[in-house]
Structure formats: C-alpha cells, structure tokens
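Asks: Okay, handing you the structure first.
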Amino acid sequence: MLEKFSKWKGNRSNHTTPSHSLDESAIPKHVAIIMDGNGRWAKKKGLPRIAGHREGMKVINKIVRKAIDLKIEVLSLYAFSTENWKRPRTEVDYLLKLPERFLKLELPNLMEENVQVRIMGGLDTLPEHTAKAVTKAMEETKDNTGLILNFALNYGSRYELVEAMKQVAKEVETGTLSSDAITEDVISRHLMTADLRDPDLLIRTSGEIRLSNFMLWQLAYSEFWFTDVLWPDFTEHHLTEAIAVYQKRARRYGGV
Ligand code: V07
C-alpha cells in the first residue's frame, strides 16, 4: 500500500521543479498531451465554455516554446476528438475556428522557430475553412527540421486502427503482402503516426485518468502523468515537473 502511495506522490502538482534540475540527456523525445479542463475552467470563472477554449489555445504557445528549449522532438496535442462532434453545435463551430485563429497568429513564429506542423485525423469531414488552414500550415512548414508539432484534429485511435487494418487487408487481398508478414511494425507503419516514434510520456490535465481514444497503440509502453491542473492553468513549470517525474521513473526501472 505504501508503495502504491509513493507512486502517486510524483503526480501531485506543486510546480516547483526548476528546469535546471532536469537531466538533459534523458528528455522524453515525444510528449503527447490531452489538453483537458477548458470548459471546467470557464465554468469555475462563470464564463462561457468557449472562453475556456480560447484561454487553452493561448497556453499552447508557452508549451511549444518550452518544448523547443528542452529539445523535445515531437509534441502531440489532442485538439479535437471524433467524439467532440457530439457537443453543442455552437461549441463545435467555435472549436473548429481555433486552428485558423491559432495559425493566423502563430504560423509566422512557428516558421521562425523551424517548427514543423502536422495534423493527424480526418481532414475530409472538417469544415473547408479549417481543412484549408491546416493544410496550408503543413505545406508551409514541411521542410522545417525543428520541433514536430503534431495536432490530433478530428482524431480517434480506434478509427485510426480500423483504417490501418483496412489498408493492410487490401494489401493482402491484392497480393502485395502475405498475412504471415503482418507484424507490429507493419501495423505501426499504417497508422497516422507512421514516421513518428511512439510517445515516451503522456500528460493529461484536469484530473481525468483515462485515454479517451487517444493513441491507444502508440502509448503501449509510455509513462503516464496525470494532474488536476486545468489546461488553461497549465504552465511550462508543469511540463518540467512531468518530465522530472518521468526521469525519476526511468531511473528506477532502468532505461528510457
Ligand atoms: C483547440 C485550444 C487548446 C485546448 C483544447 C481545445 C481547444 C489549437 C488548435 C490547432 C489545431 C490545429 C492546428 C493548429 C492549431 C486547436 C482545436 C481546438 C479544434 F493546425 N488549439 N485548438 N484546435 N483548443
């Protein structure tokens, strides 16, 4: 029981970890974040949910800057899930304007900082204005060699797996692949993260302890860090703390 509690101790957010206490040789290369708690943040302040989403968008810049500082290679952010379509129409409409808004403000800075923007998720069922804005960002930044900023937009992991299985089945059907040759690697290479390494660290804010259909296959061996902090209140210090906890665990279990 004591062991159980000591494991959870590391999850408490005191945001006191200074980044200089991190081991620079053991920074997670791929960090994935479920940015949860925007609506709750707004409710607590007596504001409409969309005010929480807007505030949550502002946090992304700070975290991207910090990820660059720390030399994280890939930052995956869960922006919009396939389940999010079930939200009220006005909220969905607002959410799907955020990619354009974000990119209008930030694309020049992201270019400046050599960031490569990627999207994983179904672009075909998004409003045209959203799909256009993100496609433009991907094209403009495709040759950048710095941080890969990978937005999960209209993404669902089971859907991703179904699509991958369909492609694999097609290759078997047409004879380009034998069913005996299907390996974990073959499946991985048919996912939307085909050329990305698996996340080393998953962060979820706002106190929910579940994956909600996010990168189920890719997170098989990742460390998880959960915090009660709501996404609009998340700072670079929380990211540092999550990485400090990740490093302690990696030392304990030997090898990253
Ligand atoms: C969204 C702000 C962050 C908190 C979580 C929900 C609301 C940035 C983007 C985005 C997406 C693609 C892209 C550039 C930016 C975004 C949605 C929601 C749907 F290429 N924030 N953000 N997209 N929120």
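The values are calculated or read from the model by the stated rules, or taken from the named source; none is laboratory data. Source: prediction; values computed, not measured. All Cβ positions, even for glycine, are placed from backbone atoms using ideal geometry, and neighbour counts span all protein chains on display. Heads up: the accessible areas ignore ligands, DNA and RNA and are worked out on the full protein's heavy atoms, side chains in. Shrake-Rupley method; radii C 1.70, N 1.55, O 1.52, S 1.80 Å.
Asks: Note down the relative contact order for the chain as a percent, whole number, built from C-alpha pairs under 8 angstrom at least six residues apart. Write out the running numbers ahead of the final one.
Replies: Working: 381 pairs, mean separation 77.9, N = 256.
Relative contact order for the chain comes out at 30 percent.
Asks: Based only on Cα atoms, what Rg/Rh ratio does the range 153-211 have, Rh being taken as Kirkwood's radius? Each step should come with its number before you reach the end.
Replies: Working: Rg = 14.6 Å, Rh = 13.4 Å.
So for the range 153-211, dividing Rg by the Kirkwood Rh gives 1.09.
Asks: For L230, which sequence-distant residues (separation of 5 or more, or a different chain) have an amide H within less than 5 Å of its own amide H, given hydrogens modelled in the peptide plane?
Replies: Counting only residues 5 or more places away or on other chains, the set is S206.
Asks: While we're on this one: Can you give the convex hull volume of the alpha carbon atoms of the range 77-175 per residue, in Å³?
Replies: So the per-residue hull volume is 117 Å³.
Asks: Over the range 16-145, what relative contact order in percent results from Cα pairs under 8 Å that are six or more residues apart? Please report the intermediate quantities before stating the final value.
Replies: Details: 105 pairs, mean separation 29.2, N = 130.
With pairs under 8 Å counted, the relative contact order is 22 percent.
Asks: Taking the dipole about the Cα centre of the chain, with the C-beta of Lys and Arg at +1 and of Asp and Glu at -1, give me whichever of G46, A194, H237 is farthest to the positive side.
Replies: Going by the charge dipole, the pick is G46.
Asks: Using modelled amide H (1.01 Å from N, peptide plane; none on Pro or chain starts), what sits under 5 Å from the amide H of K29, excluding residues fewer than 5 places away?
Replies: Amide H neighbours of K29: D200.
Asks: Just read off the accessible area of H129 with the full protein assembly in place, 1.4 Å probe, to the nearest 10 Å².
Replies: Per-residue accessible area (H129): approximately 80 Å².
Asks: Provide the per-residue ³J(HN,Hα) series for the range 213-224, in order, calculated from phi with Karplus coefficients 6.51, -1.76, 1.60 and θ = phi - 60°, each as a whole number of Hz, with x at glycine and proline positions.
Replies: Residue by residue, the range 213-224 yields 6, 9, 6, 4, 5, 6, 8, 3, 10, 6, 7, 10 Hz.
Asks: Pop out the ³J(HN,Hα) list for the range 138-155 in order, Karplus 6.51 cos²θ - 1.76 cosθ + 1.60 with θ = phi - 60°, rounded to Hz; leave Gly and Pro as x.
Replies: Listing the rounded values in order: 5, 5, 5, 9, 4, 8, 5, 10, x, 3, 8, 9, 9, 8, 8, 10, 6, 10 Hz.
Asks: So, one more: Mind jotting down a quarter of the surface of the convex hull over the alpha carbons of the chain, in square nanometres, one decimal? All intermediate terms of the calculation are to be shown ahead of the outcome.
Replies: Numbers: hull surface 64.0 nm².
Convex hull of Cα atoms, orientation-averaged projection: 16.0 nm².
Asks: Search the structure for amide H atoms under 5 Å from the amide H of M35, placed 1.01 Å from N in the peptide plane, and list their residues when 5 or more places away or on another chain.
Replies: Here Y78 satisfy the definition.
Asks: Of W231, W41, which has the most accessible area with a 1.4 Å probe, and how do the rest follow in descending order? Don't skip to the end; give the middle numbers.
Replies: Numbers: W231 5, W41 25 Å².
The residues order as W41, W231, largest area first.
Asks: With 21 Å as the limit, write out which pairs from K86/K142; K97/K136; K29/K62; K104/K142; K58/K86 have Cα-Cα distances beyond it, or answer none.
Replies: Values: K86/K142 32 Å; K97/K136 15 Å; K29/K62 18 Å; K104/K142 17 Å; K58/K86 24 Å.
Those over the limit are K86/K142; K58/K86.
Asks: For the range 206-256, run through the chymotrypsin sites (Phe, Trp or Tyr not before Pro) and keep only the ones in DSSP coil with at most 14 other Cβ atoms within 10 Å of their Cβ.
Replies: Values: sites: F214, W217, Y221, F224, W225, F226, F234, Y246, Y253; in loops: F214, W217, Y221, F234.
Here the sparse-neighbourhood loop sites are Y221.
Asks: How much space per residue, in cubic angstrom, does the convex hull of the C-alpha atoms of the range 154-256 take up?
Replies: Values: hull volume 12.8 nm³, N = 103.
So the per-residue hull volume is 125 Å³.
Asks: Below 26 Å, Cα to Cα, which lysines can K170 reach? Residues fewer than 8 away in the same chain don't count.
Replies: Here the lysines satisfying the reach criterion relative to K170 do not exist.
Asks: If you count only protein heavy atoms and use a 1.4 Å probe, how large is the accessible surface of E223, to the nearest 10 Å²?
Replies: Result for E223: roughly 50 Å² accessible.
Asks: Give me the accessible area of D143, 1.4 Å probe, in Å² rounded to the nearest 10.
Replies: About 120 Å², rounded to the nearest 10.
Asks: Measure of size requested: the Rg and Dmax of the range 82-130, with Cα atoms as the atom set and Å as the unit; please supply both.
Replies: Expressed in Å, the Cα Rg and Dmax of the range 82-130 come to 12.7, 37.
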